[in-house]
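Q: Dumping the structure here so I can ask a few things about it.
All of the numbers you see were taken from the coordinates with simple rules; none came from a lab. Keep in mind that what you see is a predicted model, and the values were worked out from it rather than measured. Here the Cβ positions follow ideal geometry from the backbone for every residue, glycine too, while neighbour counts run over all protein chains shown.
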Amino acid sequence: MLIRIFFFLLLLPNVLANGQRYKVQARASKIDPSVGSYPEIGFVLKNSSGKSQDFQNASVDTRVPPRGRLAIWLMAPNQNLFDRLNSYGIHVIQVHYARQWFSKCCQQRPVSENCRGDMRLEAATGEDHSDEVNIRVRDSIMGRALNFVRYLEKKNPRGKWGQFLTPNKDDILWERVILTGASHGSTTASRLAKHTKVARVVALCGPRDQYQAWQALPSKTPENRFFGFSHTKDTGWEEFHYQRSWEMLGLHKFGPIIVVDQNKPPYANTRRLITNFDVKNDANRAHSSVTPGSRSFRGKDGKLMHAPVWKYLYTHPVENIGQSVPSTEAFKKIKLEKVK
């Protein structure tokens, strides 16, 4: 056995050198012709003009040593982020899921404290959690992710997607999954992680679910596996929604809120990261700036200043945790500290 390992290590550089980045796009309805549309909540395969809405994307870079992690991105595709995750050795898929419902469902005033959380969980699992919609398993995040990974195993065998499937291929190995998203996607990722144990959650500009109660429910995913990153000029921060969700998720147990622009990795091993770089009081830019893209913080040389932050969020060992700080309901009193 030791001899085999020795020769594998000798050959590994050549194996990686012969690799490449693979990008795959396929419609959910091509992968599974039985998927459906839900026009009542805006979750459709084609829009009113006949344009396909159900494209799904995947990417992997086989030149990079694999980490054995599958990131499932919940939001519109972001190739800047996907390339970055691939450079860490992480496989990535983006699935088409129900997220347009937010302006159509749970519109009662006041809305119940469980309505949005139940909607998110039904969209994620296809289980009957909400009275407002009836999403089938094959049209849920979990169902479409499973069928997409099965498809990728056949379509892109060099990507070795089968490592994320159970032996009989009837489910994803969720403890190898990183659930991640921005805004609505980060909130749904966090809600699903409460229900299903995963390797990690990365919530960019989120999670935010106003005054919903699900954030405080018992979690199948250990609390130390949740990571959040937001901008202080984002309305979610200024209205104290992010701070509330982070504390309800228990993230204060693993360190203080850290301003990344004043500190360096490993950011005191915390789970709560913020930036306050100048966005000219543009809340929209602030909201999207924490995801790699055109609105990200760049130096004078064009360098992405938050590159170390993203690497930390997606690769920092989850067992390395910061020092617990007290919880407080008075979110406005949270002190932002500079750490070593």
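Q: Please quote Rg/Rh for the chain to two decimal places, taking the Kirkwood radius as Rh and restricting both calculations to Cα atoms.
A: With Rg and the Kirkwood Rh in hand, the quotient comes to 0.97.
Q: Under the 0.36 nm per residue contour assumption, what length would be gained going from the current alpha-carbon distance of Phe55 and Lys30 to full extension? Don't skip to the end; give the middle numbers.
A: Numbers: separation 25, 0.36 × 25 = 9.00 nm, distance 0.93 nm.
Length gained between Phe55 and Lys30: 8.1 nm.
Q: Summing +1 for each Lys or Arg and -1 for each Asp or Glu, what net charge is found among the other residues whose Cβ lies under 14 Å from the Cβ of Trp101?
A: Net of charged neighbours comes to -2.
Q: From the Cα trace of region 93-141, what convex hull volume per residue do you get, rounded to a whole Å³?
A: 70 Å³
Q: Another question about this same structure. For region 129-197, what ratio Rg/Rh do Cα atoms give with a Kirkwood hydrodynamic radius?
A: A ratio of 1.00.
Q: I want to verify a result. In a Gaussian network model of the chain, Cα cutoff 10 Å, which of these has the top mean-square fluctuation: Val260, Val60, Val325?
A: Val325
Q: Once you place label points 7 Å from the Cα toward the Cβ at Arg285 and Val111, how far apart are they in nm?
A: Here the modelled spin labels are 2.9 nm apart.
Q: If you don't mind, another one. Based on alpha-carbon positions alone, could you give the equivalent ellipsoid semi-axes of region 68-126 from the gyration tensor, as √(5λ), descending, whole Å?
A: Sorted largest first and rounded, they come to 31, 12, 9 Å.
Q: Follow-up question, since we're still on this one. Over 27 Å apart: what share of the alpha carbon pairs of region 181-336 falls there, rounded to a whole percent?
A: So the pairs more than 27 Å apart make up 15 percent of the total in region 181-336.
Q: Next up: Given a Förster radius of 22 Å and the C-beta distance between Glu127 and Glu223 as r, what FRET efficiency does 1/(1 + (r/R0)^6) yield to the nearest 0.05?
A: 0.45
Q: In deg cm²/dmol, rounded to 500, what helix-only [θ] at 222 nm does the chain give when every DSSP H run of at least 4 residues adds -39500 (n - 2.57) and the total is split over its residues?
A: -8000 deg cm²/dmol
Q: Same structure again: State the dimensionless ratio Rg/Rh of region 214-298 (Rg: radius of gyration of Cα atoms; Rh: Kirkwood radius).
A: Computed over Cα atoms, the ratio is 0.98.
Q: For the chain, with a Gaussian network of springs between Cα atoms less than 10 Å apart, report the residue from Gln94, Gln215, Gln108 with the top mean-square fluctuation.
A: Looking only at Gln94, Gln215, Gln108, the biggest GNM fluctuation is shown by Gln108.
Q: If you don't mind, another one. Stretch Arg138-Asp171 to full length: gain in nm at 0.36 nm per residue minus the Cα-Cα span?
A: The span from Arg138 to Asp171 would gain 10.7 nm if fully extended.
Q: Just add up the charged neighbours of Leu251: K/R +1, D/E -1, any other residue whose Cβ is under 9 Å from the Cβ of Leu251.
A: +1
Q: Which percent of Cα-Cα pairs in region 78-221 sits in each 5 Å bin, short to long?
A: 2, 9, 18, 23, 20, 13, 8, 4, 2, 0, 0
Q: For region 209-216, just list the computed ³J(HN,Hα) in residue order, Karplus coefficients 6.51, -1.76 and 1.60, θ = phi - 60°, integers in Hz, with x standing in for Gly and Pro.
A: Whole-Hz 3J(HN,Hα) from phi for region 209-216: 9, 6, 10, 6, 9, 4, 4, 9.
Q: Another one. In Å, what Rg and Dmax follow from the Cα atoms of region 141-268?
A: Reported Rg and Dmax, both Å: 16.4, 49.
Q: Could you tally the net charge around Arg158, taking each other residue with its Cβ under 15 Å from the Cβ of Arg158, Lys/Arg +1 and Asp/Glu -1? If you can, show how the numbers build up before the last one.
A: On the way: positive: Arg21, Lys23, Arg63, Lys154, Lys155, Lys160; negative: Asp61, Glu153.
Here the charged neighbours net out to +4.
Q: Looking only at Ala58, Ala76, Ala182, which one moves most when the chain is put into a Gaussian network model with springs between Cα atoms under 10 Å?
A: Highest fluctuation of the listed residues: Ala76.
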